[in-house]
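What follows is a short report on a single structure.
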Amino acid sequence: MSLWCLEVEFWSSWPRCLGALPRQQSSQRFAPHWILLYRLAFPLLPFFRESLSTSTWRLAQDQTRDTQLITVDEKLDITTLTGVPDEHIKTRKVHIFVPARNAMQSGANNTKKWKMEFDNRERWENPLMGWASTADPLSNMVLTFSTKEDAIAFAEKNGWSYDVEEKKMTKPKSKSYGANFSWNKRTRVSTK
């Protein structure tokens, strides 16, 4: 349905709505508002129709054109904007790694994301109760990233030195149940 059909349908439905009311109420209450709305909106409708058609044409032209991303060569440093004290920026080292699979479970879903944790600062211990404590606000914070490059970029952006522990890829060994009963390997030891 074109925009012109919508205009005609909209303006033709107004008198029908007003006709449902008694003649005296419709002329007193709604007719002045309807005329005012018509006088204000009607001159603008061709403008909206033209801008809509040109914007869709521009959108179609932009989709056919090749788009390129803008890359910035200079390093982004947000340390002055974050409000973090200098002692937590210049002297901190972060450790970027992929956590190991939990030995208690067989699932490997925990090993898909990269983690970033901070180095441990000195802790003090309460001599009476043995409680350990620290004044380091970043000691218990662990950040999660989907890729190693995202974690490195975040550390560089915040001015932290970083240490990356590469992901250990283990080769899956081909195993079969029949190998337990192989005639040339001593895989099953008798108890006698």
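Any read-out appearing in this document is the output of simple, stated calculations on the displayed coordinates, not a laboratory observation. These figures come from a predicted structure and were not determined experimentally. Cβ atoms come from the backbone with ideal geometry, glycine included; neighbour counts cover every protein chain shown.
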Which of Phe118, Thr91, Thr144, positive extreme of dipole for region 79-164 (C-beta unit charges): Thr144
Quick note on Arg101, Arg92, Arg186, Arg123, ordering by fewest other C-beta atoms within 10 Å, gives Arg186, Arg123, Arg101, Arg92
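Taking the square root of 5 times each eigenvalue of the Cα gyration tensor, what semi-axes in Å does the equivalent ellipsoid of region 91-138 have, largest first?
30, 18, 6
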Would you work out the relative contact order for region 79-164, in percent, from Cα pairs under 8 angstrom that are 6 or more residues apart? 36 percent
On full extension of the chain, what length is gained from Ala100 through Thr134, given 0.36 nm per residue of separation minus the C-alpha to C-alpha distance? 9.6 nm
For region 79-164, restrict the atom set to alpha-carbon positions and state the Rg and Dmax in Å. 15.7, 46
Going by C-beta contacts inside 10 Å, put Lys113, Lys173, Lys148 in order with the fewest on the left. Lys173, Lys113, Lys148
Cβ-defined net charge surrounding Glu156, 10 Å radius [Lys, Arg +1; Asp, Glu -1]: +1
